[in-house]
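The values are calculated or read from the model by the stated rules, or taken from the named source; none is laboratory data. Predicted, not measured: the structure shown is a model, and the values here were computed from it. Quick reminder, even Gly has a Cβ in these numbers, built from the backbone with ideal geometry, and neighbours come from all protein chains shown. Each accessible area value is taken on the protein alone, full model and side chains, heavy atoms only, with ligands, DNA and RNA left out. Shrake-Rupley method; radii C 1.70, N 1.55, O 1.52, S 1.80 Å.
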Amino acid sequence: MLDVNDVTVDLGHRVLVRGATFRVAPGEKVALVGPNGSGKTSLLRTIAGELRPTSGTIKVPEHYGWLQQDVQARPDDAHEVALRHLLAARDTAALAEELEGARRRVESTTGVQLERAVRRFAALEERFRTLGGYRAEAEARRIAAGVGLPDAGLERRVGTLSGGQRRRLELARLLYAGGELLILDEPTNHLDLDAKAWVMQFLRTSRCAVLVVSHDIALLDDAVDRVVAVDRGHLDVYKGTYSEFLAQRSAREAQRAKDVRLYNERVSRLKATAERFRHGNENVARKAKSIDKRLEHMAKSAPVALSPRFASPTRHARATSCWLPTGWPSRTAARGSSPTSRSRSGAVSTFSCSGSTAPARPRSCGSWPASSTPTRARSARAPTSRSASTRRSTRTSATASPCSTTCESGPTASPTETCAQCSATSG
Ligand SMILES: Nc1ncnc2c1ncn2[C@@H]1O[C@H](COP(=O)(O)OP(=O)(O)OP(=O)(O)O)[C@@H](O)[C@H]1O
Ligand SMILES: [Mg+2]
């Protein structure tokens, strides 16, 4: 299904993710978590084909939906009525038009042609029924209502909707379209509490595989099969529910902190010894150099502390979509732009996996053909001279220390320093 293999995402000034490897199996619910700015969106954009990985390969299923974190104007949809835009997410919309054409033909045809026209109408009608065409509009309206877009909004033209309504429409469109995989970047942004709960319940009961970044991920909790945590460029994959992840993460944090402490103590001892030797005779000074080399070698595999779980959501006045525990008040992102989304569900799914269309009464989705679904493989482009030079600069920055605050925007010259961004924010 989704196969991410040894992927590196390098934006030029910084390697965001290095050697990322994970899979999402059919129907699996996977949460992608990490501190602000750790590269979650960039990784999703890479998976969705918007960014090219610097190295590695990604296989995505043929039918997938992609909801972006940030808004992008879509002037081409502006004149479309919202309901029509929503319904067009499934190919039953095109089929409905075809069916209507066939019906008109039956009405206007006589003689031998009539029998053919009737047969065609019957075949189309059968297909339309099988695909749930007659239920489609009601289902689409239920989903729109669930995400907080009532009927009145659906009658308006897309261009007249507010940014928030527009995002809800795109979210509804994505959930309505279904597909084998939904890639969702903060789908609950700008939703009220009821709509948030509705969306999470929808995902919980959906037959689609889901890869989701959300600061409301705790609402999915036991529906989560796997958590992928991005931390300082590395991916850690945790099997189990979100609560289990929180517990495992605590244990890993403690162990990693201990490893770092022991490493630092050892480095300090070796450095002190080297300093003493450095001022001795030639023989002893040679020993100091050999210790220096050993230290250099050790630095290559130095343990890195995991980010503290409770990263301050307010530091950069943005929402944090990291591993907040259940009950932590979620904050709405204050990025300045209203969110939007874009469905990339390709040839829109004829096998919806809408799961529940109303949380109170979950329905299982229609199943899609069991035949092996064609996958699209993307591999990294050959490194260009630009990426080669950025890799060089990354190696340099990798030896610097991360910011001592939780922003990780670092690097700074020493582990106790705060990066320029944090200094500016804290005034
Ligand atoms: N197109 C770009 N060009 C340059 N830098 C970028 C670009 N997109 C993102 N960045 C930077 O890369 C880093 C990671 O950004 P990204 O949006 O992927 O993180 P994130 O984990 O999704 O953050 P958040 O939790 O705030 O949504 C940030 O420092 C960001 O400023
Ligand atoms: Mg993001």
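Near residue 306, the amide H atoms lying under 5 Å from its own belong to 257; only residues 5 or more places off or on other chains count, and H is placed 1.01 Å from N.
When you count the other C-beta atoms within 10 angstrom of each residue and take the mean per peptide, 296-305, 119-128, 235-244 line up highest first as 235-244, 119-128, 296-305. The distance linking region 77-134 with region 225-276 is 59 Å (Cα centroid to Cα centroid, whole angstrom).
The simple spin-label model puts a point 7 Å past each Cα toward its Cβ; for residue 283 and residue 57 those points are separated by 5.8 nm. Relative contact order of region 1-118: 23 percent, from C-alpha pairs under 8 Å at least 6 residues apart in sequence. The listed residues 107, 253, once ranked by accessible area (1.4 Å probe) with the largest placed first, stand as 107, 253.
With R₀ fixed at 60 Å, the C-beta to C-beta distance from residue 116 to residue 6 puts the FRET efficiency at about 0.60.
Amide H to amide H distances under 5 Å link residue 32 with 212, 213, 214, 228, where only residues 5 or more positions off or on other chains count and H is placed in the peptide plane. Normalising the average separation of contacting C-alpha pairs (under 8 angstrom, six or more residues apart) by the number of residues puts the relative contact order of region 1-69 at 42 percent. Exposure check, 1.4 Å probe, all protein chains in place: residue 176 carries approximately 0 Å² of accessible surface. Projected label points at residue 255 and residue 109, each 7 Å from Cα along the beta carbon direction, are separated by 6.9 nanometres. Using a cutoff of 8 angstrom between alpha carbon atoms and counting only pairs six or more residues apart, the relative contact order for region 99-200 works out to 24 percent. Heavy-atom accessible area, probed at 1.4 angstrom with all protein chains present, ranks 268, 42 as 268, 42, highest first.
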